[in-house]
Amino acid sequence: MKVFSALRRLQIWRFHRLMCRRGWFDNGPHSDSRAVFIGGCPRSGTTVLREILHRHPRFFCGVETAMLVPMFDPRRVARSWRMDVRGIRDLASSCSHVSVFADRFYRSRAGKDDGSVRWVDKAPSNARIVSELLSWFPNGRFVHVVRDGRDVVCSLRCYPHETLSGSGTVRPVTVRRSVGDCAMTWRHETSQALPYREHPRYHEVRYEDLITRPAQAVESLCAFLGEDFHEEMLHPGLAERGPHLPARLLNNPDAGGPLHSQSIGRWRYDLCHAEQLQVGSGAGELLIALGYEKKNLWA
């Protein structure tokens with residue numbers, strides 16, 4: 001298994017190196033698509049937001065593949081979408097840039113090539129390449145999902161608990177991280193996109209607002225994206241469409257269901273006092289900067 005994993009990493013690296021030589025990740029505008037990109041720290045609510053947007057008649061949201069973030073992995077895209085990896089490689093090889101590939105790929109998946117549907121790429125790691133995304137897609141929009149880091153830490157400790165096998169089936173995995181590592185992960189990943197807060201094509205969505213005030217949060221998002229708000233966006237099952245791929249709700253089985261507030265403030269009973277002190281030490285100042293606390297005395 002370790003030999004296989006090493007071989008696969010080598011194949012990904014070789015393919016990535018080949019595409020980089022062709023200028024696949026060069027800066028500058030390459031697509032006029034009005035695409036939407038969702039990013040943020042893992043376990044911050046990016047999947048919940050994707051499901052909400054997917055119910056809008058003007059948006060097509062795919063499963064998470066991180067196709068725009070180096071290193072590009074054709075096998076991951078093929079496995080998540082249940083497609084032939086050879087077809088993914090051929091499409092990538094025929095495209096001059098990763099943005100061109102993404103545009104062609106999503107348009108073909110949506111079955112619309114007339115501009116009537118805008119595609120959405122959701123991957124937490126998109127927050128690491130905001131500058132590139134806004135450069136590659138001059139008409140694109142970036143949506144940053146932010147969540148209380150203490151609740152994120154509670155969720156990150158055992159994440160992921162599912163993964164896709166080589167055949168595309170879901171299998172369980174066991175992960176256990178330290179609270180300190182999770183706190184630093186939240187601080188680092190959340191901070192990646194914050195420098196772009198004043199950018200006109202950046203929009204921030206707070207998970208807590210999305211859950212407790214969904215209508216206002218989604219209406220504001222739709223206004224930012226230049227689209228009409230649709231009530232069915234807030235009601236699962238009223239506007240479902242597209243294939244139900246196993247990767248769609250991987251590690252997030254409740255993301256496509258009704259919104260609930262059970263996970264807000266879970267840190268109060270999930271983290272013991274010593275663990276709260278660890279989070280405060282690793283991420284307390286960012287909690288203050290984001291307005292979740294006024295002083296670092298909550299632990």
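The values are calculated or read from the model by the stated rules, or taken from the named source; none is laboratory data. For clarity, every value in this text was computed on a predicted model and none was experimentally measured. Ideal geometry is used to build each Cβ from the backbone, glycine not excepted, and the neighbour counts take in all protein chains shown.
Identify the residue in region 17-47 that is of a type in the set (Gly, Ala, Ser) and in contact with a helix residue (DSSP H, G or I) (Cβ under 9 Å, 6 or more places away or on another chain) and, among all such residues, is surrounded by the fewest Cβ atoms within 10 Å (Cβ to Cβ). Checked region 17-47; the qualifying residue surrounded by the fewest Cβ atoms within 10 Å (Cβ to Cβ) is Gly28. Selection within region 255-277: residues that are surrounded by 14 or more Cβ atoms within 10 Å (Cβ to Cβ) and more than 11 Å from Asp151 (Cβ to Cβ). The member of this set that is farthest from the chain's Cα centre (by Cα) is Leu277. For residues that are under 18 Å from the mean Cα position of the chain (by Cα) and of a type in the set (Ser, Thr, Tyr), scanning just region 166-218, find the one that is farthest from Gln276 (Cα to Cα). Going through the qualifying residues, I end up with Tyr202.
The numbered conditions (1) touching a His at 6+ places or on another chain (Cβ under 9 Å); (2) free of Cβ contacts under 8 Å to residues at least 40 places away in the same chain; (3) closer than 26 Å to Leu250 by Cα are all true for Thr190 except (2). For region 126-133, the criterion of a residue being surrounded by 21 or more Cβ atoms within 10 Å (Cβ to Cβ) and basic (Lys, Arg) is satisfied by no position. Scanning region 47-77 for residues that are under 23 Å from Gly226 (Cα atoms), out of contact with any strand residue (DSSP E or B) (no Cβ under 7 Å at 6 or more places or on another chain), among the charged types (D, E, K, R) and part of a loop (DSSP other than H, G, I, E, B) returns a single hit, Arg55.
In region 60-71 there is at least one residue matching the filter, namely being closer than 15 Å to Arg118 by Cα and either within 9 Å of the chain's Cα centre (by Cα) or not hydrophobic (A, V, I, L, M, F, W, C) (or both).
For region 138-149, does any single residue satisfy the condition of being surrounded by fewer than 17 Cβ atoms within 10 Å (Cβ to Cβ) and in contact with a helix residue (DSSP H, G or I) (Cβ under 7 Å, 6 or more places away or on another chain)? Among the residues of region 138-149, not one is surrounded by fewer than 17 Cβ atoms within 10 Å (Cβ to Cβ) and in contact with a helix residue (DSSP H, G or I) (Cβ under 7 Å, 6 or more places away or on another chain), which makes the answer no. Only a single item in (1) at pLDDT below 90; (2) part of a loop (DSSP other than H, G, I, E, B); (3) among the small types (Gly, Ala, Ser) is not met by Ala6, and it is number (2). Screening region 113-129 for residues that are in a loop (DSSP other than H, G, I, E, B) and in contact with a strand residue (DSSP E or B) (Cβ under 7 Å, 6 or more places away or on another chain) and picking the one that is modelled with the lowest pLDDT gives Val117. Residues that are assigned to a loop (DSSP other than H, G, I, E, B), in contact (Cβ under 8 Å) with a residue 60 or more places away in the chain and not hydrophobic (A, V, I, L, M, F, W, C) within region 248-299 comprise Arg248, Asn251, Asn252, Gly256, Ser263, Gly265, Arg266, Tyr292, listed in sequence order. Tallying residues that are without any contact (Cβ under 8 Å) to a residue 24 or more places away in the chain and either of a type in the set (D, E, K, R) or surrounded by fewer than 19 Cβ atoms within 10 Å (Cβ to Cβ) (or both) within region 198-225 yields 9. Could you say which residue among Ser33, Ser80, Ser44, Ser99 is in contact with a strand residue (DSSP E or B) (Cβ under 8 Å, 6 or more places away or on another chain), outside any loop (DSSP other than H, G, I, E, B), in contact (Cβ under 8 Å) with a residue 24 or more places away in the chain and not β-branched (Val, Ile, Thr)? The unique qualifying residue is Ser80.
No other residue among Arg50, Arg9 is exposed (fewer than 14 other Cβ atoms within 10 Å of the Cβ) and not acidic (Asp, Glu) apart from Arg9. Among the conditions (1) more than 17 Å from Thr46 (Cα to Cα); (2) touching a residue at least 60 places away in the same chain (Cβ under 8 Å); (3) of a type outside the set (S, T, N, Q); (4) part of a loop (DSSP other than H, G, I, E, B), Val175 misses just one, which is (2). All conditions in (1) under 30 Å from Cys158 (Cα atoms); (2) in contact (Cβ under 8 Å) with a residue 12 or more places away in the chain; (3) of a type in the set (A, V, I, L, M, F, W, C); (4) surrounded by fewer than 22 Cβ atoms within 10 Å (Cβ to Cβ) hold for Leu91, with the sole exception of (1).
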